[in-house]
1. If only one of 214, 220 is touching a Leu at 6+ places or on another chain (Cβ under 6 Å), without any contact (Cβ under 8 Å) to a residue 24 or more places away in the chain and not β-branched (Val, Ile, Thr), which one is it?
2. Select, from 110, 188, 176, the only residue that is in contact (Cβ under 8 Å) with a residue 40 or more places away in the chain and buried (at least 21 other Cβ atoms within 10 Å of the Cβ).
3. Does residue 198 qualify as being out of contact with any Pro (no Cβ under 6 Å at 6 or more places or on another chain), closer than 21 Å to residue 23 by Cα and either hydrophobic (A, V, I, L, M, F, W, C) or touching a residue at least 40 places away in the same chain (Cβ under 8 Å) (or both)?
4. State yes or no: is residue 200 outside any helix (DSSP H, G or I), at pLDDT 95 or above, touching a Lys or Arg at 6+ places or on another chain (Cβ under 8 Å) and crowded, with 19+ Cβ neighbours inside 10 Å?
5. When the residues of the range 21-69 are narrowed to those that are out of contact with any Asp or Glu (no Cβ under 8 Å at 6 or more places or on another chain) and assigned to a helix (DSSP H, G or I), which ends up farthest from residue 189 (Cα to Cα)?
6. Of the residues that make up the range 140-159, is at least one of a type in the set (A, V, I, L, M), in a loop (DSSP other than H, G, I, E, B), closer than 30 Å to residue 34 by Cβ and out of contact with any Gly (no Cβ under 7 Å at 6 or more places or on another chain)?
7. Please go through the range 205-226 and pick out each residue that is among the polar types (S, T, N, Q) and not in a helix (DSSP H, G or I).
8. Quick one: residue 106 ticks every box in (1) in a helix (DSSP H, G or I); (2) out of contact with any Lys or Arg (no Cβ under 8 Å at 6 or more places or on another chain); (3) not basic (Lys, Arg) except a single one, so which number is it?
Amino acid sequence: MLEVRGLNAGYGTFQALFDISLDVSAGEAVSVIGPNGAGKTILLRAISGMIPLKSGTLKMEGCDLSTVKPHEIVELGIAHVPENRRLFPAMTLDENLKMGAFAKSARGHLAERREFVYSLFPRLKERRDQLAGTMSGGEQQMCAIGRALMSKPKLLLMDEPSAGLAPVIVQQVFELIRRIRAEGLTVLIVEQNVQQVLQVVDRAYLLESGSLADSGNAADLMQSETIRKAYMGI
């Protein structure tokens, strides 16, 4: 589904990613793990067209993403849940969800997609008229994920979904990811919480200082002594 080859990217003259190559197949959940500052967020921003490539290729189902405008990438089936959620705080939860269905291909399915999101996250339906800025961190994360799902994506990009949340809420967020996976959605997650994310994905890539340092099945990486010591604290 997603094919990344020899990707080099960054901001202006600063290069943050060096020769990154990875794949995500339909139906998979894949994670990019690594320490803060490794370049994980920039990788997702490059995929969703928010920053230009210096070189390399990005393809979604064979389509070259470098030739597609950012708002058109959503039409190709890629939705991005950004770091820190980036909701519209003065709008209600329901209004935030509607913004997720702004893409032309999604507008005709707004009611259907909204009910799908509410079926996944019943708590959101209870708070549909509440201002997003007044909700708890966990509820805001649900809303951010729900907003992305409104476009009926084929590939969901999730940037640090557990960041800034209390431990008990982190558990709930990863349970949400399991539920999304059960719906058959393809997911690419970047995450610092290595121990948690490796329990919900099929495969992972380890990113260090902008370069890929390792990759493999999640179960194998869980047993990697290097990763256990460096990133799990065990």
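The values are calculated or read from the model by the stated rules, or taken from the named source; none is laboratory data. Bear in mind the structure is a predicted one, so any value in this text is a computation, not a measurement. Quick reminder, even Gly has a Cβ in these numbers, built from the backbone with ideal geometry, and neighbours come from all protein chains shown.
1. Of the residues listed, the single one that is touching a Leu at 6+ places or on another chain (Cβ under 6 Å), without any contact (Cβ under 8 Å) to a residue 24 or more places away in the chain and not β-branched (Val, Ile, Thr) is 214.
2. So the residue among 110, 188, 176 that is in contact (Cβ under 8 Å) with a residue 40 or more places away in the chain and buried (at least 21 other Cβ atoms within 10 Å of the Cβ) is 188.
3. Yes.
4. No; evaluated as a whole, the condition is false for this residue.
5. Looking at the filtered set, the residue picked out is 67.
6. The answer is no, given that none of the residues of the range 140-159 is of a type in the set (A, V, I, L, M), in a loop (DSSP other than H, G, I, E, B), closer than 30 Å to residue 34 by Cβ and out of contact with any Gly (no Cβ under 7 Å at 6 or more places or on another chain).
7. Within the range 205-226, 209, 211, 215, 217, 223, 224 qualify.
8. Result: residue 106 fails condition (2) only.
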